[in-house]
Amino acid sequence: MSGSKALGGGPGGGARRRRTRCRRCQACMRTECGECHFCKDMKKFGGPGRMKQSCLLRQCTANTCGPGRR
């Protein structure tokens, strides 16, 4: 097994692009709510930290993708 993640190992699947935040929109600028199920999973709010997802209120509204976005 190699160290890099090959996403899209299924038929017809290419490498999936990781979504990044624009860091400028209203959603990116706000703090975590601490109440949604993703926040409750975070270690800083006392959860196990398994999901590794951003707060539902902090999901970027600008819909930007990684480098070389289309």
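The values are calculated or read from the model by the stated rules, or taken from the named source; none is laboratory data. Everything numeric in this text was worked out from a predicted model, so none of it was measured. A quick note on method: Cβ atoms are made from the backbone with ideal geometry, for glycine too, and the neighbour counts reach across all protein chains shown.
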>> Of everything in the range 1-50, what is surrounded by 14 or more Cβ atoms within 10 Å (Cβ to Cβ), assigned to a loop (DSSP other than H, G, I, E, B), of a type in the set (D, E, K, R) and at pLDDT 95 or above? Give them in sequence order.
In response: E32
>> Condition first: surrounded by fewer than 10 Cβ atoms within 10 Å (Cβ to Cβ) and either outside any loop (DSSP other than H, G, I, E, B) or modelled with pLDDT of 90 or more (or both). Can you find one or more residues in the range 55-70 that meet it?
In response: no
